[in-house]
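Worksheet: the structure to be examined is printed underneath.
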Amino acid sequence: MTTANAEVISLFDRDIISRATLDAFSKLNPVTLARNPVIFVTEVVALMTSVVGVEDLIHGSGAAFPIVIALWLWLTVLFATFAEAVAEGRGRARAESMKRARSDTMAKLMIDAKDRKKVTLTAAPDLRKGDLVLVETGDIMPSDGEIIEGVASVNESAITGESAPVVREAGGDRSAVTGGTQVVSDWLVVRITADPGSTFLDRMIALVEGAERRKTPNEIALNILLAGLTLIFLLAVVTLIGFGKYSSTNFSIPVLAALLVCLIPTTIGGLLSAIGIAGMDRLIRFNVVATSGRAVEAAGDVDALLLDKTGTITFGNRMASGFFPVPGVTESDLAEASAIASLGDETPEGRSIVTLARDRFQFAQDMPANAEVIPFSANTRMSGLDFDGKSYRKGAVDSVLKTLPQAPDTQFTEAVARIGRAGSTPLAVTANGRLLGVIELKDIVKPGIRERFAALRKMGIRTVMVTGDNRITAAAIAAEAGVDDYIAEATPQDKLDYIRKVQAEGRLVAMCGDGTNDAPALAQADVGVAMQTGTQAAREAGNMVDLDSDPTKLIEVVEIGKQLLITRGALTTFSIANDISKYFAILPAIFVATYPQLEILNIMQLKTPESAILSAVIFNALIIVVLVPLALRGVKFRAIGAAALLRRNLLIYGLGGIIAPFAGIKAIDMALSVFHVFS
Amino acid sequence: MTIQGLLYIALVFALVLGSAFPMGRYLAAIFEGRVKYFSALENGFYKLAGVDPNRAMRWQDYAVTLLLLSVIHFLLLYAILRLQFYLPYNPQGIAGMSPRLAFNTAASFTTNTNWQAYVPEAQISNGAQMLGLAVHMFISAAAGIAAAAAVMRAFTGSGLKSLGNFYVDLTRISLYLLIPVTIIAGALLVIAGSPQLFPNVPFATAHTLDAGSQTIAMGPVAFQEAIKEFGTNGGGWYNANSAHPFENPNAWTNLLENWLDLVIGFGLPIAFGFMIKDKKQGRALMYAMAIILALGCVGTYAAEAAGNPLHIAAGLSASDGNMEGKEVRFGIPASTTFNVAATGTSTGAVDSFTDSYMPLAGSIPIFLMQLGEVTPGGVGSGFYTIIVFALLSVFVAGLMVGRTPEYLGKKVQAKEIKLAMLGVLILTVFILAGAGFSLMTASGVGSLANGGPHGLSEMLYAWTSATENNGSAMAGLSADTPLLDFGLGSAMLFGRFAFMIPILAIAGSLAAKPKLPASAGTFPTDGPLFIGLLIGVIIILGGLQYLPADTLGPLADHFLLYSGKTF
């Protein structure tokens, strides 16, 4: 796996923090802040309190309290804008590295599609969809496009971070090229498929910078809830003027402002956009680019994963898993002969035979100097090694048997039949014309994948294996990997049909794919992860692109989606649960002048009414900063089932949200009293 | 507190929750059209009314029909109250109500509130009671239950366009539930001694022990009393409400009325479980309601049983607690349980006077109302309100399982949250702005019988009771003033319809959504964890905004009393 974009940005990166500090102030602009109702209201009351403080200062009446409250209310706003700025800063830092790839290259615009000689030099930004350009060795791809003609190796490190060049050619599944990549050898004729500003790189930069960030559906709904709560508490505080007047109490603006800001959900209001940006950032760090936040959210909701067998569930290649000798031959002898026959075989299958023999039977022979490698041919369907007059062969069972004088015994045929039933491939092995036994070549299920599927099942996600294998093989591997279902002999249409069927049951489906024929299924799926190596059509159809082209990552994408939602829910719950203790801090403090008997409600034993109110406001502001790392890192997702996860998170963020501020406010009050601030 | 007292509370809960299950099953059968005892009568009625019982109504049709019916009945009741002098069955020759009192009373009975700004014995004729008020006790209750049935249907399947037929729901609920039970319960009350006389009887004359004489209004009391409780209405034939021996003759009828009060409210979530074919979901909602109500009952009982500290200090107190404002024949536990049940539902009937309760005990009924009347609330309204809280619970905490929130397979999205918050906001506006504003006016302060925090409690109680359609009052407030007649009248109308219509809209929106199958990743909404969460959300999102006002009212009252200050 590559790591270019995945460079670790420290949570407290100095540059990001200092830039974010500046941005936090520029984000105070009420016009832009109005998008966040909770923090906007906080800013308005901070302003009102400041005015009161200044007035009191001019009149020379105790201005210290309103000024200190105003200061902390402004800090509350600043901490919220700072949280957003830090999240954006981290995205921007990633975008910077991508922007370097987007140099203003000159493109060779072809005037005549047939003639590669006739080109005019044009600046990349002037290229339009449909233009044909010639890209030769050393040239930077001016924009996204589809290869019309030619084969070339392309260095895509600017996008993927992987420096080894990949082959791109016209036709087939590898015909897409991306702006910013470099042709290392040969030439390509490319039809431009993106207008300037909308290329893959442009979109990626815009996404990670957060410039194109639109609120996701769940975020919009949450914002409505927060705005509603803000209005409700605004009502509670404003009407308190009436109740106060009746009770012969005039509440001052700083006191009401403090009460209001402590009650409205400033914590989640301040961190909401940071959580969203950070979720996107986590995907990018994972080398997956989502075309919208909506897709990340949908990933958390996925009920079924469609996974390609090869490369995702199993290693791409079959591997030797056992030696089954004929009577009279030891397993060790068979292993040794198999390994010798494979010494010259550089295919993964061949190497796996040598490895297995080495692991199980300490086979340690090197390639003899005088050996002659007999390569595999479609004709003989055998390969092997000849040396010192000895010959070792391995190959397809029927082909090998044809070279032998007599029929094999039943133990051999039974072994072959059993291997076939298990969905594996048998290879017969001979030494000097004598049949020694059979090797089982098996699709090896990746270690740990079974456990991951079990974990997914616990979260209510079904896994479906998609394979071109026949039903017997598919069923055997499906059982071994522990998937819930499989589609054997799958055609692209089968995939599409399956997705539609599952969706008709009301479930959300995620899949990944790379070929053009995957495009309809990718578009149909709720989360479609296209491989960066895939075709342009596939990349357009999906709503995420995996830059590493690693289909296993679908599972992580789902986890990242869930993590985003969990973080949002945890901080919302925490924020709302905080209100209870803040009431206990502020209500006795503001009413005690009228009814001294209410001092009994001051269960935290806060020193003075002023220090109680101030402590609550300070806690309310500081908790935003304290939770910034959690918002950026995200609450860890645990595959323990929804009920257990809910119990756990409700305990930490719900009950914790009720208890934590009691401790925090008390601690701040004690600190204030040490310095004799309002106490 | 005594063991007997706590056992009484336990008995009420056992009777109510025990019968909630068969009641829920029966309600579901009514909603699903499986009850057909009087189908000939029912169909004849549809023909007569020109209603097509098979018409499927979208949520808009359902809401408009419900609203239209309410408007017509509101106008009709207004006319009856204004013109009662000219209408039959007015043996005492009571004059027509003033426009503003008639407005307030018509709003009150159309909205199932039964706030009584009038004095029944003096300001309303027997005919108006029977034909005006009692009829509305059936219709407003049936309309509330019908709305609950419509909300239930939203969760029964995918892509539903219809929430049912309002006329059919209204008819079936009246015919198969309200009328038969009222007849049976009314008969029981008659046996116990409640009068059920022709409305042309003027009054009875009684000779009191001190040789004076007293007139007592008479009429068809028993049946009105039955529907008063069963439909969570609360409007008594007498000003003294269920403390009056003709409304509530003895301890048995007290228990019966308490049961009638609660049984539909607790039966509805059970019915919901049957409708969605997942009984555990319905039970979870019912237990959340029951736990809050039980805490309220025990808390109020404890506060009253502890007695008045000033009396105790003066050596005046009886050992059994604060008996002021209570009927000796009922005693403390039966009185507090009756009143808490009547504020936990939107009944508002009383058999003892909340104004005379210890302040802390009085704060519990007020808080139960502020929670949105969900414990178990008014018939129908309590159910659809707790659904709103369930949606909010799932929305706030549901994200913590890593999926966008869904309740019973229905995704909770921006539209639902917007409508739910709108509903909560409307209630908050009327309660807090109404009470806060009234206390700033001379007229409002003039209505109060007491000063200080106790006076604040009276005003807060009135606005809370009206907005939440409860109808009970802390006696003491003079409510027949222009400010309170119009103000509380509007609060009742908005508290009912401006809350119900957004919820029907939510139901419409949810009905159309696909019902997602539950999986291991689904937020579980049927276990103790959800019950706890739901209770927390009801208290935090439903009640916390009222805490500052409550602190200046009943809580301050309580602590002041304990320091020796009274109002």
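The values are calculated or read from the model by the stated rules, or taken from the named source; none is laboratory data. Note that the structure is a prediction, hence the values are computed from the model and not measured. Note that each Cβ is placed from the backbone with ideal geometry, even for glycine, and that neighbours are counted across all protein chains shown. These accessible areas exclude ligands, DNA and RNA; they are computed on the full protein's heavy atoms, side chains included. Shrake-Rupley method; radii C 1.70, N 1.55, O 1.52, S 1.80 Å.
Please identify every one of the trypsin sites (Lys or Arg not before Pro) in region A:574-645 that sits in a loop by DSSP and has no more than 12 other beta carbons within 10 Å of its own beta carbon. Numbers along the way, then the final one.
Details: sites: A:LYS582, A:LYS607, A:ARG633, A:LYS636, A:ARG638; in loops: A:LYS607, A:LYS636, A:ARG638.
Those that pass, being in a loop and sparsely packed, are A:LYS636.
Determine how large the accessible area of A:SER391 is when every protein chain is in place; take a 1.4 Å probe and give Å² rounded to the nearest 10.
Approximately 30 Å² for this residue.
Testing the spin-label approximation: label points 7 Å from Cα along Cα→Cβ at B:THR205 and A:VAL184. State their distance in nm.
Using points 7 Å along Cα→Cβ, the separation is 11.7 nm.
Roughly what % of DSSP beta bridges within chain A run antiparallel, to the nearest 5?
Percent antiparallel among DSSP bridges in chain A is about 75.
What number, rounded to the nearest 500 deg cm²/dmol, is the helix-based mean residue ellipticity at 222 nm of chain A, given -39500 (n - 2.57) per DSSP H run of at least four residues and division by all its residues?
My calculation for chain A gives -16000 deg cm²/dmol from helical runs alone.
Given R₀ = 60 Å, what would the calculated FRET efficiency be for A:THR347 paired with A:VAL625, taking r from the Cβ atoms and rounding to 0.05?
0.55
Using only Cα atoms, tell me the angle between helix A:579-591 and the longest principal axis of chain A; keep it within 0 to 90° and round to the nearest 10.
10 degrees
Listed here are the pairs A:LYS442/A:LYS495; A:LYS129/A:LYS562; A:LYS458/B:LYS515; A:LYS582/B:LYS418; A:LYS458/A:LYS666; A:LYS501/B:LYS277; which of them are more than 29 Å apart at the Cα?
Distance filter (> 29 Å) returns A:LYS129/A:LYS562; A:LYS458/A:LYS666.
Tell me the label-point distance for the pair B:LEU197, A:SER332, using the 7 Å Cα-to-Cβ offset, in nm and rounded to one decimal.
In this crude spin-label approximation the distance works out to 11.5 nm.
Please find the FRET efficiency linking B:HIS311 to B:LEU7, where r is the Cβ-Cβ separation and R0 is fixed at 25 Å, and quote it to the nearest 0.05.
Details: r = 26 Å, r/R0 = 1.04.
So, using R0 = 25 Å, E works out to roughly 0.45.
What are the ³J(HN,Hα) couplings of region A:397-406, residue after residue, when phi is run through the Karplus curve with 6.51, -1.76, 1.60 and θ = phi - 60°? Round to Hz, x for glycine and proline.
Using θ = phi - 60°, the values come out as 4, 5, 5, 5, 4, 4, 7, 9, x, 10 Hz.
If the viscosity is 1.306 mPa s and the temperature 10 °C, what Stokes-Einstein diffusion coefficient in µm²/s follows for chain A when Rh is the Kirkwood radius over Cα pairs?
On the way: Rh = 29.7 Å.
Taking Rh from Cα pairs, D becomes 53 µm²/s.
Rounded to the nearest 0.05, what FRET efficiency do B:GLN60 and A:ALA378 give with R0 = 45 Å and r taken as the Cβ-Cβ distance? Could you check?
0.05
Compute the distribution of all C-alpha to C-alpha distances in chain B, in bins of 20 Å from 0, and list the percent of pairs in each, rounded to whole numbers.
22, 58, 19, 1
In region B:280-562, if the dipole is taken from +1 on Lys/Arg beta carbons and -1 on Asp/Glu beta carbons about the Cα centre, which of B:ALA449, B:ILE506, B:ALA342 is farthest to the positive end?
Of B:ALA449, B:ILE506, B:ALA342, it is B:ILE506.
Considering the options B:LEU408, B:SER519, B:ALA313, tell which one lies farthest towards the positive end of the dipole of region B:280-562, charges being +1 on Lys and Arg and -1 on Asp and Glu at the Cβ, about the Cα centre.
B:SER519
Nearest 10 degrees is fine. How inclined is helix A:200-209 to the longest principal axis of chain A, computing both from alpha carbons?
The angle comes out at about 30 degrees.
Which listed residue (A:GLY384, A:ALA371, A:PHE323) has the Cα farthest towards the positive end of the charge dipole for region A:308-389, taking +1 on Lys and Arg C-beta and -1 on Asp and Glu C-beta about the Cα centre?
So the residue we want is A:PHE323.
Could you work out the relative contact order of region B:29-265, using alpha carbon pairs under 8 angstrom and six or more residues apart, expressed as a whole percent?
For region B:29-265, the relative contact order is 21 percent.
Using Cα pairs closer than 8 Å and at least 6 residues apart in sequence, work out the relative contact order for chain B, in percent.
Rounded, it is 20 percent for chain B.
Enumerate the amide H contacts of A:TYR486 below 5 Å, restricted to partners 5 or more residues apart or on another chain; note that Pro and chain-start residues carry no placed amide H.
Counting only residues 5 or more places away or on other chains, the set is A:MET465.
From the phi of every residue in region A:193-199, what ³J(HN,Hα) in whole Hz does the Karplus formula 6.51 cos²θ - 1.76 cosθ + 1.60 yield, where θ is phi - 60° and glycine or proline is x?
Ordered by residue, 3J(HN,Hα) equals 10, 9, 6, x, x, 10, 6 Hz.
Divide by every residue of chain B the summed helix terms, -39500 (n - 2.57) for each DSSP H run of at least 4, and state the resulting mean residue ellipticity at 222 nm, rounded to the nearest 500 deg cm²/dmol.
Result for chain B, helices only: -18500 deg cm²/dmol.
Under 5 Å between amide H atoms, partner at least 5 residues away or on a different chain: which partners does A:THR105 have, H built in plane at 1.01 Å?
A:ALA124
Looking at the protein assembly as shown only, what percent of DSSP beta bridges run antiparallel? Nearest 5 please.
80 percent
Please compute the modelled spin-label separation between B:LEU67 and B:ALA95, points set 7 Å along Cα→Cβ, answer in nm with one decimal.
Computed distance between label sites B:ALA95 and B:LEU67 equals 3.7 nm.
In whole Hz, what ³J(HN,Hα) sequence does region B:340-352 give by Karplus (6.51, -1.76, 1.60; θ = phi - 60°), x for Gly and Pro?
My calculation for region B:340-352 gives 5, 4, 6, 9, x, 8, 9, 5, x, 5, 9, 10, 7 Hz in order.
With charges set only on the Cβ (+1 for Lys and Arg, -1 for Asp and Glu), what does the dipole of chain B come to about its Cα centre, in debye to the nearest 20?
2160 debye
Which loop-located GluC sites (Glu not before Pro) does region A:321-364 contain, where loop means any DSSP state but H, G, I, E or B and the Cβ has at most 14 other Cβ atoms within 10 Å?
A:GLU346
Relative to the first principal axis of the alpha-carbon coordinates of chain A, what is the inclination of helix A:266-285, with its axis defined by its Cα atoms, in degrees from 0 to 90 and to the nearest 10?
In chain A, helix A:266-285 runs at an angle near 20 degrees to the longest axis.
Given Cβ point charges of +1 (Lys, Arg) and -1 (Asp, Glu) and nothing else, what value in debye, to the nearest 20, does the dipole of region B:29-265 about its Cα centre take? Don't skip to the end; give the middle numbers.
Working: 11 positive and 12 negative charges, 163 e Å.
My answer is approximately 780 debye.
Cα convex hull of the protein assembly as shown: mean projected area in nm², to one decimal?
For the protein assembly as shown, averaging the hull's shadow over all directions gives 63.6 nm².
Any idea how far the Cα center of region B:486-541 sits from the one of region B:243-281, in Å?
21 Å
Alpha carbon centre of region B:313-372 versus region B:180-239: separation in Å?
Going from one Cα centre to the other spans 23 Å.
Which of the trypsin sites (Lys or Arg not before Pro) found in region B:239-282 are in a DSSP loop and have at most 15 neighbouring Cβ atoms, other than their own, within 10 Å?
Filter output for region B:239-282: B:LYS277.
Could you please report the charge total around A:SER611, scoring K, R as +1 and D, E as -1 over all other residues with beta-carbon less than 15 angstrom from its beta-carbon? Working shown, then result.
Working: positive: A:LYS582, A:LYS607, A:LYS666; negative: A:GLU599, A:GLU610, A:ASP669.
Net charge around A:SER611: 0.
What number, in percent, do you get for the relative contact order of chain A if the mean sequence gap of Cα pairs under 8 Å and at least 6 apart is divided by its residue count?
14 percent.
Return the long-range amide H neighbours of A:LEU436 (sequence gap of 5 or more, or a different chain), with a cut-off of under 5 Å between placed amide H atoms.
Sorted by chain and number, the residues that satisfy this are A:VAL429, A:THR430, A:ALA431.
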